[in-house]
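J.: Take this structure, written in structure tokens, and hold onto it; I'll ask about it next.
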Amino acid sequence: MKDRTLLMIPGPIEFEPAVLAALGAPTTSHVAPDFIEAFGQALERLREVFLCPDGQPFVVAGSGTLAMDLAGANLVEPGDRALVYNTGYFGDRYGALLERYGAQVTHVRAPVGGRPGLDEVESALEQIQPKLMTVTHVDTSTGVIADVEALSALAQECGTLIVVDGVCSVAGEELRMAEWGVDVALTASQKAISVPPGLALLVAGPRALDAFHSRETPVANYYADWSNWLPVMEAYEARRPSYFGTPAVNLIWALNVSVGQILDEGMDARVARHRSLSRACKAAIAALGLGQVPLEPEFAANTMTAPRYPAGVGAADLLPRIKKAGAILAGGLHPQIKAEYFRIGHMGPTNAGDLLATVGAVETGLAGCGYAFKAGTGVAAAIAAM
Ligand code: PMP
């Protein structure tokens, strides 16, 4: 029997064998000609993944929070006003991060599982006239997806920069950076980009770079300062060696393999596949009689699902049973409802078989907890919705 439990949390996820092979290959020098080629190619491919032909990609060793920092540290100067479109835990984090750099932060919030209305955002933008607005594309604590296209249009009307935290969205959800006018989009390697944890990825559009170049104060974070990384990214893309901090060589080899696979699948096909997996998962959860954290179906992300525990069933009982039945899922994260829901990630290389196996494991777990339902209901709904 294969000794394998599916890792179906919203990051890190399971990775393709070719990506893991690149990670396990002998480490090269960071200035070896073949590494320079791979790094340069990965940067070019990131532009295509982010759909931002005129953007500047950055690849820096660190987690997604560093990617958030790479935007915050470089775009905020003390006293700048910032608006946070807040749909959960990661919106709170972005607000705290921007404040650390001296921003005056206003949050537009909604009840947990909801999202602030566009009218509220529009009036906040008009009233505050912020330098930048952050939007968490998919807040992993609620599974709520933001309407980035509409928010970006509002920001552009006000001359406000829009920074999209796409840690749980890039390469899974539709995100058309240039077409929608997004100024910065960022992510981390371990989610839909499908590379083990360790890389912060960011693409800055022309307006963001202009704002950076016209700063009056130095960037208050040495490691994250774009001045240190811009020459390095430009050099590698021009196939020249360069150095500021030693690049995460093996992760970058693995990144180049993964972004190659992502582009081979095609961005539209990839988004469509994520939507199909998501439909199947949500149909299964609904058929089993479980609610979900997003308050409206159109608020629900495609990279993950956030089911609520049915009455009488709790995390400590259910999740270990689901794991024993073959799938590792995540508990709640949002502090207000932490004990009320769990999270299923379905992004990157996840396929239909993985999803059906996960739904089967959820059914086994629920049955073990004494929850009453007709066996196979969830699996049948998932198959019908795919
Ligand atoms: N933003 C979002 C939307 C996330 O889901 C996460 C991680 N779950 C982060 C930021 C932070 O990323 P990391 O944990 O890699 O620092």
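The values are calculated or read from the model by the stated rules, or taken from the named source; none is laboratory data. These numbers were taken from a predicted model, which means no experiment stands behind them. Using ideal geometry, Cβ is built from the backbone for each residue, glycine included, and neighbour counts are taken over all protein chains shown. Accessible surface is based on the protein model in full, side chains and every heavy atom, while ligands, DNA and RNA are left aside. Shrake-Rupley method; radii C 1.70, N 1.55, O 1.52, S 1.80 Å.
J.: State all residues of the range 317-340 that are surrounded by 16 or more Cβ atoms within 10 Å (Cβ to Cβ), assigned to a helix (DSSP H, G or I) and aliphatic (A, V, I, L, M); if no residue qualifies, say none.
T.: Result: Leu318, Leu319, Ile322.
J.: When only residues in the range 26-62 that are out of contact with any helix residue (DSSP H, G or I) (no Cβ under 7 Å at 6 or more places or on another chain) and part of a helix (DSSP H, G or I) count, which is surrounded by the most Cβ atoms within 10 Å (Cβ to Cβ)?
T.: Looking at the filtered set, the residue picked out is Arg47.
J.: Here's a follow-up. Kindly indicate the residue of the range 341-386 that is crowded, with 19+ Cβ neighbours inside 10 Å and without any contact (Cβ under 8 Å) to a residue 60 or more places away in the chain and also nearest to Leu277 (Cα to Cα) among those meeting that condition.
T.: Gly360
J.: I want to confirm something. Restricting to the range 97-150 and keeping residues that are open to solvent by less than 30 Å² (accessible area, probe 1.4 Å) and polar (S, T, N, Q), which single residue is nearest to the ligand (Cβ to nearest atom)?
T.: Filtering first and then ranking leaves Thr140.
J.: Please work out which one of (1) out of contact with any Gly (no Cβ under 7 Å at 6 or more places or on another chain); (2) within 16 Å of the ligand (Cβ to nearest atom) is the condition Ala61 fails and give its number.
T.: Every condition holds for Ala61 apart from (1).
J.: Same structure again: I need a count of the residues in the range 26-58 that are within 16 Å of the ligand (Cβ to nearest atom) and free of Cβ contacts under 8 Å to residues at least 24 places away in the same chain.
T.: 0
J.: Show the residue pairs meeting these rules: Cβ distance below 6 Å; 6+ apart or different chains; first residue within the range 275-291 and farther than 11 Å from Ala306 by Cα; second residue open to solvent by 10 Å² or more (accessible area, probe 1.4 Å) and modelled with pLDDT under 95.
T.: Listed by first residue and then by second, the contacts come to Ser276/Met386; Ala280/Met386.
J.: Let me ask something else about it. Can you name every residue in the range 152-181 that is of a type in the set (Val, Ile, Thr) and more than 12 Å from the ligand (Cβ to nearest atom)?
T.: In the first step, residues of the range 152-181 are kept if they are of a type in the set (Val, Ile, Thr); the result is 160, 162-164, 167, 170.
Hits for the range 152-181 are Thr160, Ile162.
J.: Ok, one more. Which of the residues belonging to the range 340-357 are within 16 Å of Ala330 (Cβ to Cβ) and more than 21 Å from the chain's Cα centre (by Cα)? Break it down stepwise before answering.
T.: Looking only at the range 340-357, we keep the residues that are within 16 Å of Ala330 (Cβ to Cβ), and these are 340-348, 350, 354-355.
Within the range 340-357, Glu340 is the sole residue that qualifies.
J.: Taking the condition more than 21 Å from Cys168 (Cα to Cα), in contact with a strand residue (DSSP E or B) (Cβ under 8 Å, 6 or more places away or on another chain) and of a type in the set (A, V, I, L, M, F, W, C), does Leu333 pass? Let's see the steps before the verdict.
T.: Working: more than 21 Å from Cys168 (Cα to Cα): no; in contact with a strand residue (DSSP E or B) (Cβ under 8 Å, 6 or more places away or on another chain): yes; of a type in the set (A, V, I, L, M, F, W, C): yes.
No, not satisfied.
J.: If you check Tyr94 against the conditions, is it closer than 27 Å to Cys158 by Cβ, within 16 Å of the ligand (Cβ to nearest atom) and either surrounded by 24 or more Cβ atoms within 10 Å (Cβ to Cβ) or not assigned by TED's automatic domain parsing to the domain that holds Ala301 (or both)?
T.: Numbers: closer than 27 Å to Cys158 by Cβ: yes; within 16 Å of the ligand (Cβ to nearest atom): yes; either surrounded by 24 or more Cβ atoms within 10 Å (Cβ to Cβ) or not assigned by TED's automatic domain parsing to the domain that holds Ala301 (or both): yes.
Yes.
J.: Quick test of your reading of the structure: His213 fulfils all but one of (1) within 16 Å of the ligand (Cβ to nearest atom); (2) at negative phi. Name the failing condition by number.
T.: (1)
J.: Related question: Of everything in the range 353-386 that's in contact with a Lys or Arg (Cβ under 9 Å, 6 or more places away or on another chain) and in a loop (DSSP other than H, G, I, E, B), which residue is modelled with the highest pLDDT?
T.: Among residues in the range 353-386 that are in contact with a Lys or Arg (Cβ under 9 Å, 6 or more places away or on another chain) and in a loop (DSSP other than H, G, I, E, B), the one modelled with the highest pLDDT is Cys369.
J.: Would you check which residues across the range 164-184 are more than 25 Å from Ile9 (Cα to Cα) and either of a type outside the set (A, V, I, L, M, F, W, C) or crowded, with 24+ Cβ neighbours inside 10 Å (or both) and list them? Steps first, answer last, please.
T.: Of all residues in the range 164-184, those more than 25 Å from Ile9 (Cα to Cα) come to 176-184.
If the condition is that a residue be more than 25 Å from Ile9 (Cα to Cα) and either of a type outside the set (A, V, I, L, M, F, W, C) or crowded, with 24+ Cβ neighbours inside 10 Å (or both), then Arg176, Met177, Glu179, Gly181, Val182, Asp183, Val184 are the ones that fit.
J.: To continue, here is another question. Could you run through the range 185-215 and say how many residues are out of contact with any Lys or Arg (no Cβ under 9 Å at 6 or more places or on another chain), among the hydrophobic types (A, V, I, L, M, F, W, C) and open to solvent by 10 Å² or more (accessible area, probe 1.4 Å)? Spell out the reasoning first.
T.: Of the range 185-215, the ones out of contact with any Lys or Arg (no Cβ under 9 Å at 6 or more places or on another chain) are 185-191, 193-202, 204-210, 212-215.
Narrowing further to those that are among the hydrophobic types (A, V, I, L, M, F, W, C): 185-186, 188, 193, 195, 199-202, 204, 208-209, 212.
From what's left, open to solvent by 10 Å² or more (accessible area, probe 1.4 Å): 209, 212.
Residues that pass the stated criteria total 2.
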